Structure formats: structure tokens, C-alpha cells
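All remarks here apply to the structure that follows.
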2 protein chains.
Amino acid sequence: MTTVFEDAAAAFPTMLASSASDRASWLRAIADTLDAAVDELVALADEETHLGPVRLRGEVGRTTGQLRLFASAVEEGSYLEATIDHADAAAAPPRPDLRRMLRPLGPVAVYAASNFPFAFSVAGGDTASALAVGCPVIVKAHPGHPLLSRRTAQLVVAALANAGAPVGAFALVEGYEAGVALVQHPVITAASFTGSVRGGRALFDLAAARPDPIPFFGELGSINPVVVTKDADANRGAELAAGLAASFTLGAGQFCTKPGLVFVPRGSTLEQRVVEHLPAELPPLLNDAIASGFATGAEHLLALDGVEVLASGAATVAATDVAALSDDMLTEVFGPLTLLVRYDSQEELLDALGRLEGSLTATLHAGDSEPSADLVDVLAQKSGRVLFSGWPTGVAVTWSQHHGGPWPATTSQHTSVGVTAVRRFLRPIAFQDAPDAALPPALREANPLGIPRRVDGVLRV
Amino acid sequence: MTTVFEDAAAAFPTMLASSASDRASWLRAIADTLDAAVDELVALADEETHLGPVRLRGEVGRTTGQLRLFASAVEEGSYLEATIDHADAAAAPPRPDLRRMLRPLGPVAVYAASNFPFAFSVAGGDTASALAVGCPVIVKAHPGHPLLSRRTAQLVVAALANAGAPVGAFALVEGYEAGVALVQHPVITAASFTGSVRGGRALFDLAAARPDPIPFFGELGSINPVVVTKDADANRGAELAAGLAASFTLGAGQFCTKPGLVFVPRGSTLEQRVVEHLPAELPPLLNDAIASGFATGAEHLLALDGVEVLASGAATVAATDVAALSDDMLTEVFGPLTLLVRYDSQEELLDALGRLEGSLTATLHAGDSEPSADLVDVLAQKSGRVLFSGWPTGVAVTWSQHHGGPWPATTSQHTSVGVTAVRRFLRPIAFQDAPDAALPPALREANPLGIPRRVDGVLRV
């Protein structure tokens, strides 16, 4: 009997040699299989996560849409960054023929998250990214939804087999020890992770400590600051209160993009209005670890000097003054809690924003006049996505999405949502003076794949 | 008096807001200044490195050409990866307007190498990459050429000031302790390094151990395997012997792309012919550390069971049988030494290649018939650049160059030579539903910069 590592290693050469249309068909087969099983999957997921059938059904759609988007993107082919410089005998020194593209790294490890049991789990964005470019995937299941993980994995394995993918293209492992072993295994060439700062940092450290360090793409913690300007507060206070209440309690506050810190002008009616919009009830948190983490985090925050509790029912709203804002208040509390921070002047506001760690998102609610360039600058410096007049909890899966940001939002310069997520599992390679037949099709002179390429410095689509 | 870190931090907002044409003019100003000082610089460099005026003059040209290529590349603008997805109210769920681009990380640390006192030193490719995209640079000088480093830095600072770049865009630090402090300083957002596995690994570990880990782009060690097939040996043996002798002794063997391991068919006349082509004399090695490292490495290799010494004058040629090849023989010896490995069958050859660590390059000398796909595959798996019928020591600076490879060739998925080297110092950012005026020019609807962009999924040039 072979191990998942041996199987993944054995699958890699076949996947490396596979065509984009092969891999697109694998991804579409997975998407079709999951869509066909949506009733069963949603029922399983609801039992294990309490996230509710409406949200979960939507998440399945997002997950299968993601698989299909990646299928289209690999067929389009510009992700390969194919680049050709013909030989130039007249250059000093004379230049050889050089052709560059990206190629898959090898087998990758994916650590599933608990809060999106489809979109960031077994068949989520990381798995889709890796399969799309030809990397075998070994998923470490999140213990929060073991039955769903196993059933999803069964469906993925069956879909891949039916679509002609090699055995070993995908596998699931479970348990803490399997997770620790995974990132350290010599066959694994990269790892991706969505979860807590503590867990992510531990795995990051293991990846970096290997004899051969591997890239670790972690999405860890994010407080997602929101700024409400005086104009916005005056003009749209009621709408903003409803929007904030809905956003920070969505999924019981268990979104990595949950707005956890909201700067409001002193005297804003938002404080009162947000409380009025709170839901009377929320579903239970995903699991005991999250529930106890939330209880500890909330208790710690609410006990800090200068923090007032505005609401503490199903959801918690606290408030403080910008002058009292301490580093202890700037750490993510994962769950249905947000902290309002009252400010008087833009100077105070900019100063406080400048002290924040990195976040996945930063949101600006400004008035109708132009937003202050200073505010936009500091929000862009501190985050990976700057939103105007919206709420950060929705993350569209598109070509231009970016889900990442300065540490501790992510460990890296890459995204885990959107088409460019595939870049994580690729590395460049160049071929010098290669006979045409020895080149991968993407780099052959006649461009048999018909993909966008840069030729002699000029981008051609 | 401010520190280099404070200056770099202060310069960053100005550099972030600078236009591509501003930065292109800075790079061209540095190039022009260095070209104008070429006589002085070459004389200084020759005194400190013994690399000889011809090679050094060529290297200045390569370095200034590199600065000018990066200037053109940032003007062209596709390095920004500007991507626009317009809002789609009909999508489920409705999609906001999302626009993505790359932006500079912040101040970066550059660790200069000794073996290319221009192209991989103070004003080399790493500095050019960082300035090109708007990152302030702090260079840690290599102790092998302190006078040249200081003089080059003076010229760079003056050129930048004349061209209107902010104070703090560039600085030089010296000494071991300064180097250790640099990668750990909170202001530094990324580091790049070219040098030994030992030094690079130590800095990599420091970068990874920070409270906020930063990307570390290291180019460390590389044995650069070469394969000579039976056909090639029979048809071009004399030419190959001359080429190999020239390549592994170029710059006294002090190239990170030096061919250190050459697989030859048993009975090849190459063994004898390479020895006949060796230079009678080579310049002294760059510095005491390299000289003693070379002496130790060579002595260790030549004492291993199964290693025969074919020549041990100015340059060293050793040989062994593929059956005797041990891991000890697969480590880079930096300097004028190469190890020939005799093989009988392609099976033996593939097996030995499969055991190699990653290299920057891998070279195939095959006959006129098609090269074996198996051979090309394993060479591509083990390296970042596969050469056909050439020698790896030349590294053209072009759009399609890649200078990197699996560990320990480099730590990362990025290159340190060629236009895509700028990607190391950038991170993605997305803007959601931003008013046009709040967007960076690269993402405004009218495309005022006229750069290539992907709009609603379609790449437009």
C-alpha cells in the first residue's frame, strides 16, 4: 500500500504534462459533482457547522463557481506568463534565445479552515488553485467538520477519477499529527493555510525550518478597520448602522474579513443605532475551540481600561476613545464582536490608523466630496483591499480580487482568493536555445496553445 | 541626525506616489553617472577583486544596461498587473467594482555579492529592481570591495539627488553587525541576497523569525549540472572540451552558474581534452574567505573515495564513476573546479540526476536527433534554466531570463535577474467601489497611463 505522499509524487509528472484543457475538465468535473450533491452536502455541513442551509447553499455555489473560474483561467493561459526573447547576435554580448514560463511546484499541502466548510475547505480555493496549475494536493481536514470533509473528499476523488486525472492528484489527511507531518514532508513543495495567527505561525515556522524551506501561504488574523467620516455619519448614519450590524454578525462574526474596529466621529448616533440593529439570536459558534477563544478574547477586551460595553447579547459591541486605544485592543477577536473607536480630529484618526497591524481589508465610509487622500493612503498601506462605502465581509471571486495583506493578515505577497491565487503554486523556468520540439507547447514558436505571450518585449494577446 | 532606516521610511511615501517616468529617470541617471565614471570604477574594482579590466568594463555595461531595461519596463507598465472587473449587479451574489494592481512593499534590504562587484552589488539588479518599483533600498556592502562599494554608493546618491529622488531612496551600510540588524529592522519589508548557502540560510532564518516575517529572496548555492550525451560527445567532443574549460574557469570559477558537475559517457575523450584546454594561470580568488572555502571544499572532494584528480594546477578537474557518486560530491565548490561523472546508460544518468538538489541552471549537450524528453524533464525539475548546447555562465538580462531554482539555488519562486525580478518587491492591493479620483492612475477608468490591463477578464494591450 502506498502513502498519500508516494501517490502525490507519482501523480506529479502526469499532472505536469497534462494540458490546460485536461485540468479544466478535472475542475469542472469536481464542480458538477459537488453541485449535484448539494442537498446532501448542505445537510451534512449544517449539522457540523450550524451555519444554516441558505448560507451553506450559497457557499457551495461560490465554491463550484470558483472551480469553473479557475478552469477558464488556465485555458486562457496568461497565468503561464509565457515570454520569448529571440536570439540577438548583434547584442553585446550576443543574446541566446530565451523563453520563460511558470511551471507547477509539485505536491502541495492545503490546511482547511472551519469557517467556510466549502469555499476554504476540502474543495476550496486552495485546492482549486493547485489542481488548476498541475500540482497534486494533500488537504489536511479541519476537525470542525470531519464528516463533510470526508464526503467532499470522496466526491472529489471520484470526480477526478472519472475525468481521467491520475491517482494521487488529491488526498485527504486528518488529525493534528498528520498536519504537522504534512508541512515537513520532503515531497511537499508549498503549503497554504487559513486560520488563526497561532496555528498559522506554528506551521509557518515549521515550513521555514525545513532543510529545504518551502513557501508557506498563510492567511492568519485581521481586524479589518472601518473608518466613518463626519460627513458619512451625518448623511448616512442609519444605513451605516444597519450595514455594520449585519456585517460583523454575518456567519456569527466568523469571517476573516469581519469589521472588528470601527472609527466613528465622537457624538455619532451610530453607537446607539448599531445596537438597535443587532440580531436577537445568532447560531452557535463553529466549535469549542472558537467558542472558548471568543469568550477569552471578548472578556479580555471588555476588561481593558477605557472600554465600555454597549451591547453584550448574541453579539457584542464595545466602544472606546481613540486616546485610550491600546495595542491590546488591536488584536482580532474572532466572533460576533466589534469595537467602536471615537475620534475628534482627522489627525487623531490618521495617527491611530498608522499604529494598526496589517489587515485583509480596510473600509472607508466618506461623504460625497472626495475622500481624503491621506486616509486612502494609510488604509492602502495597512491592508490588501480598500473598500469604499461597502462592507468587507463579502469576497467576490474574480480576476481582480485580492485576499491578503501585510502581516499578520497574510505571510506573503500573494492572494488566496481570485484568479491570481494560482501564482502561489508555480515557479518560473527558462529554456535557453532549446529546439522547438523540446519546449513545452506554451513556448513553441508557433504558439500552438494560442495564449497571450510577451515576444521580444511586446505583450501580444 | 536621522538613521538610514528613518530616512528610508520617510522616503517611501514620496516614492510610492512617484510616477513610472520619475523612477525611470532616476534609474537612467544612475546608469549615466556610472557609465561616465567607468574608468575610475573599473580601476577601483580591479584593485579590490582582480577580475581584470576587460571583464569589469563589460560588467559595468551590463549593470547600466540593466538599470535602463528596468526603466523601460516600468514605463511599459504591465509589471503592475492592473486588473479591472466592473460591477455586475446581475451576478449572484452581485459583484462590486474591483480593481487590482501591485504596489511597492516598502524599504528593502539588499545584500551585495563579491563575485559581481557591479552587477550583483551596490547598484546591481536588486537595487535596480527595488528603485524601479518605488522601494527605498538599503544595501549591505560586501566586505570584498569596500572602496568600490563606497564610491559606487556616492555616485548613486548624487545621481538620485540630481534626478529629484527623495533623500533616503538609497543608503549603504557596512559590516557584519549592520547586516544582521538590517534584516531584523521593523522598517525593512523584504530582503534580497546573493552569496553562500551558510550566509544566506542564516539571514533567511532571521527574516523568518521576525515577529512579522518578511520575504527573503536568497540566491545561495548551485552545482549547475551538465549532461553530455554519447552523440554529442562523438560529434562535438573537441568543441565541448574547450567550452567546458572556458566556462568553469571564467572569473576564476567564481560564478553562481559555474558548471560544477558534468556527466560524460564513459570512454569520452573529454576528460583528456578538457585538461588540455585549461588556462595555465588564473587570477587570484576574490578574497581570503573564498580562497579558504575553495581550498577546504576542493580538498574534501578530492579525498573522497572514487574521486580521481585529472588536473590540479590553476584549475582543478576531477572525475568519478556514476556508481561512486555520493551526496558529498553534490555540493557546490565555489571556485575553478569541476567534477566529471562517467556514466554508461541513460538509466544510470537519469537516476543520478534525480538525486541532485536544485540548481540555477542545467545544461544538455545532445546530438542532432531530438533530445530525450526524459532528460529534459529531469533537468527542468532540478533547475530554473535549462540550456541546450551552451554554457551556463552567461546570464543575459532580458524579459525572459530566470535566475533561480529549487532550494538551495534560491529560497523562492522569484528571479534575481531579468525584468520579473521587480516582482519581489511588490504586493497586490485591490480597491472596491472606489471613486475614480481616489484610485491610483494605473486603475482609473480612462487608463491615463496607457498601460496593458485586464478588463473584465480580457487582457488588453
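The values are calculated or read from the model by the stated rules, or taken from the named source; none is laboratory data. These numbers were taken from a predicted model, which means no experiment stands behind them. Using ideal geometry, Cβ is built from the backbone for each residue, glycine included, and neighbour counts are taken over all protein chains shown.
Exactly one of (1) away from chain A (no Cβ under 13 Å); (2) in contact with a Leu (Cβ under 6 Å, 6 or more places away or on another chain) is unmet by B:V133. Its number?
B:V133 satisfies all of (1) away from chain A (no Cβ under 13 Å); (2) in contact with a Leu (Cβ under 6 Å, 6 or more places away or on another chain) except (1).
Give the residues of segment A:192-207 that are surrounded by 21 or more Cβ atoms within 10 Å (Cβ to Cβ) and free of Cβ contacts under 8 Å to residues at least 40 places away in the same chain, sorted by residue number.
Residue satisfying the conditions is A:A207 alone.
Here is a list of conditions, (1) under 30 Å from A:F116 (Cβ atoms); (2) free of Cβ contacts under 8 Å to residues at least 40 places away in the same chain, and A:S345 meets all of them except one; can you say which number that is?
Every condition holds for A:S345 apart from (1).
What tally of residues in segment B:112-153 results from selecting those that are of a type outside the set (A, V, I, L, M, F, W, C), under 12 Å from the mean Cα position of the chain (by Cα) and within 11 Å of B:A45 (Cβ to Cβ)?
Adding up the residues that qualify gives 1.
Check segment B:383-397 and report whether any residue there is over 30 Å from B:R198 (Cβ atoms) and surrounded by 21 or more Cβ atoms within 10 Å (Cβ to Cβ).
For segment B:383-397, residues over 30 Å from B:R198 (Cβ atoms) and surrounded by 21 or more Cβ atoms within 10 Å (Cβ to Cβ): absent.
Of the numbered conditions (1) under 27 Å from A:L250 (Cα atoms); (2) without any contact (Cβ under 8 Å) to a residue 60 or more places away in the chain; (3) surrounded by fewer than 20 Cβ atoms within 10 Å (Cβ to Cβ), A:P13 fails exactly one; give the number of that condition.
Every condition holds for A:P13 apart from (1).
Looking only at residues that are touching a residue at least 12 places away in the same chain (Cβ under 8 Å), within 18 Å of A:S389 (Cα to Cα) and crowded, with 18+ Cβ neighbours inside 10 Å in segment B:421-439, which one is farthest from the other protein chains (Cβ to nearest Cβ)?
That would be B:L439.
Which of the residues belonging to segment B:440-450 are assigned to a loop (DSSP other than H, G, I, E, B) and either crowded, with 20+ Cβ neighbours inside 10 Å or in contact with a Pro (Cβ under 7 Å, 6 or more places away or on another chain) (or both)? Let's see the steps before the verdict.
At the first step, the residues of segment B:440-450 found to be assigned to a loop (DSSP other than H, G, I, E, B) are B:440, B:444-450.
Of everything in segment B:440-450, those that are assigned to a loop (DSSP other than H, G, I, E, B) and either crowded, with 20+ Cβ neighbours inside 10 Å or in contact with a Pro (Cβ under 7 Å, 6 or more places away or on another chain) (or both) turn out to be B:P448, B:L449.
Among the numbered criteria (1) among the small types (G, A, S); (2) touching a strand residue (DSSP E or B) at 6+ places or on another chain (Cβ under 8 Å); (3) within 8 Å of another protein chain (Cβ to nearest Cβ), which one does A:A409 miss?
Condition (3) is where A:A409 drops out.
Look at segment A:353-376 and say how many of its residues are more than 7 Å from every other protein chain (Cβ to nearest Cβ) and not in a strand (DSSP E or B). Before the answer, list the steps.
Taking segment A:353-376 as the starting set, the residues that turn out to be more than 7 Å from every other protein chain (Cβ to nearest Cβ) are A:353-369, A:372-375.
This time we only want the ones that are not in a strand (DSSP E or B), so: A:353-358, A:366-369, A:372-375.
Result for segment A:353-376: 14.
Of these, A:A82, A:A36, A:A43, A:A92, which one is crowded, with 17+ Cβ neighbours inside 10 Å and either within 13 Å of chain B (Cβ to nearest Cβ) or over 30 Å from B:L69 (Cα atoms) (or both)?
Working: A:A36 fails: crowded, with 17+ Cβ neighbours inside 10 Å; A:A43 fails: crowded, with 17+ Cβ neighbours inside 10 Å; A:A92 fails: crowded, with 17+ Cβ neighbours inside 10 Å.
Exactly one of A:A82, A:A36, A:A43, A:A92 is crowded, with 17+ Cβ neighbours inside 10 Å and either within 13 Å of chain B (Cβ to nearest Cβ) or over 30 Å from B:L69 (Cα atoms) (or both), namely A:A82.
Just checking, does segment A:380-396 include any residue being within 28 Å of B:H414 (Cα to Cα), in contact (Cβ under 8 Å) with a residue 60 or more places away in the chain and touching a helix residue (DSSP H, G or I) at 6+ places or on another chain (Cβ under 6 Å)?
No, because not a single residue in segment A:380-396 is within 28 Å of B:H414 (Cα to Cα), in contact (Cβ under 8 Å) with a residue 60 or more places away in the chain and touching a helix residue (DSSP H, G or I) at 6+ places or on another chain (Cβ under 6 Å).
Pick from A:S196, A:S192, A:S222: which is touching a Cys at 6+ places or on another chain (Cβ under 6 Å) and at negative phi? It would help to see each step written out before you state the result.
On the way: A:S196 fails: touching a Cys at 6+ places or on another chain (Cβ under 6 Å); A:S192 fails: touching a Cys at 6+ places or on another chain (Cβ under 6 Å).
Selected residue: A:S222, the only one of A:S196, A:S192, A:S222 that is touching a Cys at 6+ places or on another chain (Cβ under 6 Å) and at negative phi.
In segment A:160-198, which residues are more than 30 Å from A:S19 (Cα to Cα) and either touching a Pro at 6+ places or on another chain (Cβ under 6 Å) or modelled with pLDDT under 95 (or both)?
Listed by number, the residues that qualify are A:G195, A:S196, A:V197, A:R198.
Restricting the search to segment B:273-319, which residues are in contact with a helix residue (DSSP H, G or I) (Cβ under 9 Å, 6 or more places away or on another chain), polar (S, T, N, Q) and free of Cβ contacts under 8 Å to residues at least 12 places away in the same chain?
B:S312
With (1) in contact (Cβ under 8 Å) with a residue 24 or more places away in the chain; (2) of a type in the set (S, T, N, Q); (3) not assigned by TED's automatic domain parsing to the domain that holds A:N287 as the list, and A:T229 as the residue in question, which single condition is left unmet?
A:T229 satisfies every listed condition except (3).
Which numbered condition in (1) in a helix (DSSP H, G or I); (2) surrounded by 23 or more Cβ atoms within 10 Å (Cβ to Cβ) is the only one that B:V333 fails?
Looking at each condition in turn, B:V333 falls short on (1).
Quick check: anything in segment B:255-278 on the phi > 0 side of the Ramachandran plot, out of contact with any His (no Cβ under 9 Å at 6 or more places or on another chain) and loosely packed, with under 14 Cβ neighbours inside 10 Å?
Start the filter on segment B:255-278 by keeping residues that are on the phi > 0 side of the Ramachandran plot, which leaves B:267.
Next, only the ones that are out of contact with any His (no Cβ under 9 Å at 6 or more places or on another chain) stay: B:267.
Narrowing further to those that are loosely packed, with under 14 Cβ neighbours inside 10 Å: B:267.
Yes - at least one qualifying residue is present in segment B:255-278.
Sort through A:A89, A:A24, A:A17 and tell me the only one that's out of contact with any Lys or Arg (no Cβ under 6 Å at 6 or more places or on another chain), under 25 Å from A:V173 (Cα atoms) and among the aliphatic types (A, V, I, L, M). If you could, list the steps in order and put the result at the bottom.
Values: A:A89 fails: under 25 Å from A:V173 (Cα atoms); A:A17 fails: under 25 Å from A:V173 (Cα atoms).
Selected residue: A:A24, the only one of A:A89, A:A24, A:A17 that is out of contact with any Lys or Arg (no Cβ under 6 Å at 6 or more places or on another chain), under 25 Å from A:V173 (Cα atoms) and among the aliphatic types (A, V, I, L, M).
All but one of (1) over 26 Å from B:A245 (Cα atoms); (2) at pLDDT 95 or above; (3) in a helix (DSSP H, G or I) hold for B:A380; state the number of the condition that does not hold.
Single failed check for B:A380: (1).
Scan segment B:300-323 for residues that are assigned to a helix (DSSP H, G or I) and surrounded by 15 or more Cβ atoms within 10 Å (Cβ to Cβ) and jot them down. Can you show your working first?
Initially, segment B:300-323 is screened for residues assigned to a helix (DSSP H, G or I), giving B:300-302, B:322-323.
B:L301, B:L302, B:V322, listed by residue number.
Taking segment A:187-234 as the region of interest, how many residues are touching a Leu at 6+ places or on another chain (Cβ under 7 Å), facing chain B (nearest Cβ under 9 Å) and part of a loop (DSSP other than H, G, I, E, B)?
The number of residues fulfilling the criteria is 1.
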